[in-house]
Amino acid sequence: MPRIRVTWWLIMAWMLSAPPVLGAAWPLADIDVEEAATQISRYVYVPEGQRFGAVSLNATLLGQGGEHRLMVRLDGDIVHLVEPHGRQTIRAALPDLTPGFHRLDFLGWPARYMADESLQERCPMPLSRPFQLRELSLDYRPRSTGEVALKHLPDGLFNRGHPGGALGHLTIEAGDEDAYTAAARLVSWLDRQADLRWETGTRPGEVDFVIDIRHDAALAPPARVALIPARWEGEAPRPATLEIRYRQVRALHAAVLALLDVTQRDQLLDAHADFDVERREPVWARLREPRTLAELGLEDIRLASTGQATYLLDYPPHWQPTGVPRGQLLLRGQAGLPQGAHLNLWMEGALSGSQPLHELASHNIERTLPLAGVAVPERPRLTLELAAELEVTRHCYLPLQGDLWIDAEESEVGFEYVPKAGLMALIPRLIAAPSVRLPEDHAEAGMQLLTALMRAHRQAATPDPVPYRVRLAGDGRDDMGEAPSVEIRVEPAMADRLQARFPERLQPGFAEGALWWRADEQGRGLITAASPEVLRRGAAVLPEHWWRIPDGTREALLHAQDGTLVVLAHRPTPVAAPSRALSRDQLHWGLIAVATLFALIVLWLVWWRRRQGA
């Protein structure tokens, strides 16, 4: 007995001293399986330099099986088959996942057929008792497989496919303007690769990755970049780090330009590289008017035979809608469709388009479906709902199986608008003239607010980096040059000044926790906070609330806790002619009208000359 007791104490001691292994979860959208043999897919991405181990699929399954089972396939291979019975918890072990995209398919499969039997020639019936998958997620343990070449960025730094985004930390030496400029340019590019959040400060907490830029006078090469992989196992887990060291400012800019330019980045075949010469500049971001579904962030949409799919279309936040939404969707396909097929579309909850599909040609389907909204949107965001149904008989549905889809590159949806004046004019100005001034004593907090302003680039600019120029304002920095497009300040006395100016409009203490935003006639912005902590908190709420700033607002307070907006100065601007992009149909009929008018003028001239000659 004493011997056994000692053995158990040794096992417990070993378990307590074992190095921790950090797990992760990949949340997946809920699934409703309503039709037999109809495939509903979800995707998972494994970045270069990683492998997902100890993978398990977890979900809560609701429904009754009857004659059907729930089948789960991973990359085409069956990994789970279960008969639903009420409410049950699913936990299915999956094989390790290697770098690249992986597809999970969920199907309601008839129990009387073998799992590998095809249903292509059969008529799958709607499930009398649909299945529901809730709290669906993929649990895994990320494991490093070694160094990642710089050419694979942002892989090796964060997972650009994760639906939860990533949290990054910026480590920059105080007072280093060149490092802040380099960081701002890198962030403007990385922020377009995934839904990123940023923090600043001297010591990173629990973050997904770190960008560390420092001056090193003892560095042998003029500049060096290294991509250090994450470590999840062991006594000292660490996040992935992009480490940039430089001895010469010119070499720092060369290193950043090489990372931003896709042609130069593809030539960086190792996890580290040295830089000592000037590099060409990449293609910089420019303003755009997103109109197509692809420009709005959507890929080609494959239509399912039943059920609805909802998509959110976000437009630039500085747009003020002035007209009802309009557009056209281009339907493409490779095979004919049966009688009874039709497609319905809703925008903002109202039916905006409907078209029967059974009249489409049997091969190379291409059909334009016009859309027309019924009301002017309150904000620059549209909700688009699609519902396709292929009813062959009263009781039988044939799934589309990807035979018909919406071409995202050729489908257009938009509305008439005017660009907002006042505070929101900063968004287009910051892309066209990206100059920034930060407070030297609180530059890291100002940098965090700047990363929030960059969120507007996702809708308002092309997916390219922005050539930011960052300057620091403080004691000993008198020559700042021309006024920047945006200046961020920390003024402890700000709240008292505003309370004295607006005693009848502001509650005591409100201004102390808010961002004070002002704009001049040229659209330059000045954002002030009473403390650096307000700048950091404001960075979290600003992108979600700035669309509510009215057109013509010149001065406002935006509370950093919940986004409460108080307009302090407003100057209405005359409504200019709305900007509207011509659709292909409008352009087509416009050319026909011009050609017809020209032909009529020529005929009239011929008739007039003949009459004169007579």
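A short reminder: the numbers here are calculations on the coordinates, not readings from a lab. In this text the structure is predicted, and so the values were computed from the model without any measurement. Cβ sites come from the backbone with ideal geometry, for glycine too, and all protein chains shown count toward neighbours.
So if each residue of separation counts as 0.36 nm, and I subtract the Cα-Cα distance between Phe598 and Gln561, what length gain in nm does that give?
Working it through step by step, the gained length comes to 7.1 nm.
Pulled fully out, how much extra length does the chain show between Val82 and Val606, if you take 0.36 nm times their separation in residues and subtract their Cα-Cα distance? Walk me through the numbers on the way to the answer.
Details: separation 524, 0.36 × 524 = 188.64 nm, distance 8.09 nm.
Between Val82 and Val606, full extension yields an extra 180.5 nm.
With a point put 7 Å past each Cα toward its Cβ, work out how far Glu299 is from Glu147 in nm, to one decimal.
Between Glu299 and Glu147, the label points sit 3.2 nm apart.
For the pair Arg367/Arg103, report the inter-label distance in nm, with labels modelled 7 Å from Cα in the Cβ direction.
2.5 nm
What FRET efficiency do you get for Gln132 and Glu482 if R0 is 51 Å and r is their Cβ-Cβ distance, rounded to the nearest 0.05? Write down the numbers at each step before the final one.
Values: r = 60 Å, r/R0 = 1.17.
It comes out at approximately 0.30.
Rounded if a/c is under 1.5, else prolate if a/b is larger than b/c, else oblate: which is the range 154-219, with a ≥ b ≥ c the root eigenvalues of its Cα gyration tensor?
Details: a/c = 2.16, a/b = 1.80, b/c = 1.20.
It is prolate, given that a/c is not under 1.5 and a/b is the larger ratio.
Answer with one residue from Val486, Pro543, Thr553: the one whose Cα lies farthest towards the positive end of the charge dipole of the range 469-553, charges on Cβ with Lys, Arg +1 and Asp, Glu -1.
Pro543
Would you mind calculating the gained length between Arg214 and Ala92 on full extension (0.36 nm times residue separation, minus the Cα-Cα distance), in nm to one decimal? Each step should come with its number before you reach the end.
Details: separation 122, 0.36 × 122 = 43.92 nm, distance 4.61 nm.
Between Arg214 and Ala92, full extension yields 39.3 nm more.
How far is it, in nm, from the label point at His570 to the one at Glu409 when both lie 7 Å from their Cα along the line to the Cβ?
4.4 nm
Which FRET efficiency value, to the nearest 0.05, do you get for Leu287 and Leu62 by plugging their Cβ-Cβ distance into 1/(1 + (r/R0)^6) with R0 = 45 Å?
Working: r = 48 Å, r/R0 = 1.06.
Efficiency computed from Cβ-Cβ geometry: 0.40.
If you average 1/r over all unlike Cα pairs in the range 203-279 and invert the result, what Kirkwood radius do you get in angstrom? Write out the running numbers ahead of the final one.
Numbers: mean 1/r = 0.0748 Å⁻¹.
Kirkwood radius, the range 203-279: 13.4 Å.
Would you please give the FRET efficiency between Arg505 and Arg379, computed as 1/(1 + (r/R0)^6) with r the Cβ-Cβ distance and R0 = 25 Å, to the nearest 0.05?
Numbers: r = 25 Å, r/R0 = 1.00.
Between Arg505 and Arg379 the formula returns 0.50.
I'd like the projected area of the range 250-302, averaged over all directions, using the convex hull of its alpha carbons. Report it in nm² with one decimal.
Numbers: hull surface 23.6 nm².
Over all viewing directions, the range 250-302 projects a mean Cα-hull area of 5.9 nm².
If you average the C-alpha positions of the range 242-283 and of the range 523-573 separately, how far apart do those two centres end up, in angstrom?
36 Å
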